[in-house]
Amino acid sequence: MKVTDHIAQAKGTLISFEVLPPLKGKGIEALYKHLDPLMEFNPSFINVTYHRSEHVFKKRADGTFEKVVTRKRPGTESICGAIMNKYNVDTVPHLICGGFSVNETEDALINLRYLGIDNVLVLRGDAAKNESAFEPEPGGHKYASDLLKQVVNLNAGIYLEDELKGTHKTDFCIGVAGYPEKHFEAPNMESDLKYLKQKIDAGADYIITQMFFDNAKYYAFVKACREAGINVPIIPGLKPVTSKKQLTVLPKTFHIDLPADLSNEILKCKTDEEVEKVGEHWLLEQSRDLKKSGVPVLHYYTLGKPHVFVNVVRDL
Ligand code: FAD
């Protein structure tokens with residue numbers, strides 16, 4: 001079922017989770033162990049992230065280095081199928097521009113359709129580790145809006161090979177990313193919102209936000225979106241702080257602020273177990289407030305530590 005249908009049929013705020021595919025070389029069992037305790041909350045859908053391939057240098061026996069391409073977390077499409085099959089829950093694979101040609105994207109979309117997946121979250125992806133700025137794959141898309149147009153075309157039965165006749169129309173519900181604190185490359189919020197609106201006008205059905213720790217930023221973002229004529233559901237993305245290290249890692253990686261009240265509380269903690277308790281309490285308060293304000297879905301980024309989400313969602 002589509003994310004937008006879940007929202008349309010809901011009587012209150014829904015719950016959803018995001019997970020990562022296992023690292024190459026690991027089985028899927030650890031992912032199931034992570035998801036098992038979360039399933040008591042009947043999530044409406046589960047997102048599975050996409051990880052582009054990277055160049056790494058492998059040392060040869062003679063001491064020289066060889067540049068090899070590797071994908072550390074492969075298998076997003078099949079993991080979505082496996083989760084659907086095991087838990088009977090809808091899944092949302094992330095699709096990215098980075099590292100993909102348009103033909104590979106089309107094949108991925110065809111595979112998703114065969115698996116019975118109704119949703120995709122369309123993203124650009126970040127620069128590869130060896131790039132200083134995002135570089136599209138030769139023959140690939142530059143912006144999420146370009147990838148979005150390919151999905152919209154496929155939904156209209158338009159494939160890359162235009163000689164195909166009587167084609168099957170896919171029917172993907174399409175999500176896109178939004179940034180309450182602005183995407184880090186955008187010169188200002190106005191510009192970022194202009195391109196976000198372009199994605200909605202091109203056919204995106206809803207927005208999921210980057211994580212934020214201050215609900216006022218989410219509310220201001222929703223207001224600015226509505227004023228800009230963006231009227232689709234805006235799903236807040238949420239994550240707890242669970243270690244002291246994250247005080248610097250989260251702002252650096254995701255280009256977001258941590259409120260002073262939260263960072264001061266974390267600085268007082270002597271262990272990461274104490275930090276986890278502070279982070280859990282903050283997430284619960286954020287979730288309560290967002291739920292009270294009537295958000296359509298609370299979407300949790302659950303990398304590691306499923307028990308934190310179990311405690312928060314139970315207390316909600
Ligand atoms: P875009 O919408 O293409 O925007 C990128 C930048 O370009 C913005 O600054 C925008 O303002 C600007 N822009 C957009 N269109 C134009 C245009 N036509 N002309 C000029 N400028 C333009 N990354 C992964 O690799 N895998 C994942 O699974 C993943 N999941 C994510 C899930 C969520 C909910 C979020 C919020 C992010 C996720 N990301 C993921 C990270 C995401 O790929 C990065 O934030 C990336 O840098 C931007 O992606 P986007 O889809 O927002 O890009």
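The values are calculated or read from the model by the stated rules, or taken from the named source; none is laboratory data. Everything quoted here is computed from the prediction, not taken from an experiment. Because the Cβ atoms are built from the backbone with ideal geometry, glycine has one as well, and the counts that use them run over all protein chains shown. Remember, those area values only see protein heavy atoms, side chains included, never the ligands or the DNA or RNA. Shrake-Rupley method; radii C 1.70, N 1.55, O 1.52, S 1.80 Å.
Within the stretch 117-146, which residues have the backbone N less than 12 Å from the label spot 7 Å out from F65 along Cα→beta-carbon, could you tell me? Flagged as within label range: 130. If you take the Cα centroid of the stretch 221-244 and the Cα centroid of the stretch 1-78, the two points sit 22 Å apart.
Our estimate of slack between Y195 and S53, defined as 0.36 nm per intervening residue step minus the Cα-Cα distance, is 48.5 nm.
Under the criterion of Cα pairs below 8 Å and six or more residues apart, the relative contact order for the chain equals 18 percent. Taking only protein heavy atoms and a 1.4 Å probe, the accessible area of the stretch 44-84 is 53% carbon and sulfur. For the stretch 95-111 versus the stretch 125-172, the spacing of their alpha-carbon centroids is 6 Å.
Of the trypsin sites (Lys or Arg not before Pro) found in the stretch 212-316, the ones in coil according to DSSP and having at most 15 other Cβ atoms within 10 Å of their Cβ are K245, K270.
For the stretch 1-108, the relative contact order comes to 28 percent (Cα pairs under 8 Å, sequence separation of at least 6). Be a star and scan the stretch 106-148 for residues whose amide nitrogen sits under 14 Å from the point 7 Å along the Cα-to-Cβ vector of I158. Answer for this model: 146-148. Applying both filters, DSSP loop and at most 15 other Cβ atoms within 10 Å, to the trypsin sites (Lys or Arg not before Pro) of the stretch 106-156 gives K129, K142. Pairs with C-alpha atoms separated by more than 29 Å, drawn from the list K33/K277; K197/K239; K86/K194; K199/K239; K24/K149; K199/K252, are K86/K194; K24/K149. Summed over the residues of the chain and divided among them, the accessible surface reaches 50 Å² per residue at a probe radius of 1.4 Å. Label sites at S263 and K11, each approximated as a point 7 angstrom past Cα along Cα to Cβ, lie 4.3 nm apart.
Heavy-atom accessible area with a 1.4 Å probe sorts Y195, Y219, Y206, Y301, largest first, into Y195, Y219, Y301, Y206. Taking the 1.4 Å solvent-accessible surface of the stretch 219-316 as the whole, the part contributed by carbon and sulfur is 55%. For the stretch 120-265, dividing the convex hull volume of the Cα atoms by the residue count gives 132 Å³ per residue. For the chain, taking Cα atoms only, Rg and Dmax work out to 19.9, 66 Å respectively. Shown here for the stretch 51-88: trypsin sites (Lys or Arg not before Pro) in loop regions (DSSP other than H, G, I, E, B) with at most 10 other Cβ atoms within 10 Å, namely R60. Counting only DSSP H runs of at least 4 residues, each contributing -39500 (n - 2.57), and dividing by the residue count of the chain, the helix-based mean residue ellipticity at 222 nm comes to -12000 deg cm²/dmol. Model label points for R113 and K169, set 7 angstrom from Cα along the Cα-to-Cβ axis, are 1.2 nm apart.
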